[in-house]
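Below: one structure, written as structure tokens.
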Amino acid sequence: MKNNDLQIWVDRIRSGEVRAVARAISAIENRTPESVELLKELFPHSGNARVIGLTGSPGSGKSTLVDQLAREYRKQSSTVGIVAVDPTSPYTGGAILGDRIRMQAHHADTGIYIRSMATRGFLGGLARTTADVATALDASGKDIILIETVGVGQDEIDIVRLADVTIVILVPGMGDDVQSIKAGIMEIADIFVINKSDREGADRVEKEIRAMQSLAMRDDNWNPTIVRTVATEGKGIAELAAAIEEYERYLDKQDLRLQKKISNWRERLVEMLRESLLQRVTRERLSEKELSAYAAEVAGHHRDPYTLVDEIVGSFAKK
């Protein structure tokens, strides 16, 4: 892509032009050659949006909660980008739930941009390119970016590396109190939401959370807020927005916001380096035919994988 064409594209994205943003996200998802150059140009214009991650078990009402939270922020005149990460279709490789039919009431609102992403087999609750898509939405001028994870239970940890605020959604009657202990959710939640709190058992879930909080102390000494909601009725949404604002004020007061970003970027840089090095090794040193041959040798116990990997990495390092 010519520099002039790239700059025009960047300018269109920064002006919030929907088609330009959609094209950028598609390029990022498909990892086209121009996507890296595009991200390099967009990154200096990012960093202004508040990134809020929402995670929880399937059936916890994440999409409805995201929908209602977006409405709340639009009432405050904030522009919103929504990234909904869905399971991958085994047939098309795309997001099973498409563009989230239940969120399409926003289609006429130019202040909201909604995009579904497929995980494409990537664990951790997010698609591999979710962070880059968030960068593009940030650069397009969105004030708030809401990221809804796929909801795969114990792998919902990558959102912490991306979000400024992580919200964990629990529901009475689904065993979520036990699951929160198993999944280590106490460690990633900045705010707990007990959704569908009009159901029996909401009090028990809250007691379980508070009991866990008494046993675990976070490094930042923040005590996660517990908010009860009934998202289908819009109840508790204003309180949730207030809780998010309260946590952000705490980060600023304790001078923790920058520290959190540094910690997040440290993890993301390691992941980016790992992925880039793997791509270079496979592209420059390892063909599909060679990889299959190595796999056959290891499977037949003719070679051990540890020595093999050392040899491949060593040969690449000498290049």
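Laboratory data are not the source of any read-out in this text; all were calculated from the coordinates shown. Since the model is a prediction, treat every value here as computed from it, not as a measurement. Note that each Cβ is placed from the backbone with ideal geometry, even for glycine, and that neighbours are counted across all protein chains shown.
Below, the figures for the structure above:
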quantity: Set of aspartates and glutamates with alpha-carbon distance to LYS253 below 17 Å, sequence-local pairs under 8 removed; calculated: ASP164, ASP190, ASP219, ASP220, GLU245
quantity: Rounded Å value of the spacing that divides the Cα centres of region 189-264 and region 7-56; calculated: 29
quantity: Candidate aspartates and glutamates - alpha carbon under 19 Å from LYS196, same-chain residues fewer than 8 apart omitted; calculated: ASP67, GLU72, GLU148, ASP176, ASP177, GLU206, GLU208, GLU233, GLU239
quantity: Cα shape, region 1-45, gyration tensor, a/c 1.5 rule; calculated: rounded
quantity: Selection from HIS301, GLY314, LEU273 lying farthest towards where the dipole of region 265-318 points positive, charges on Cβ; calculated: LEU273
quantity: Computed lengthening from LEU269 to GLU248, 0.36 nm per intervening residue step minus Cα-Cα distance; calculated: 5.2 nm
quantity: Separation in nanometres of the label points that stand 7 Å from Cα toward Cβ, at LYS289 and ASP5; calculated: 3.4
quantity: Links that overshoot a 30 Å alpha carbon limit, given the list LYS62/LYS260; LYS40/LYS235; LYS2/LYS75; LYS2/LYS62; calculated: LYS40/LYS235; LYS2/LYS75; LYS2/LYS62
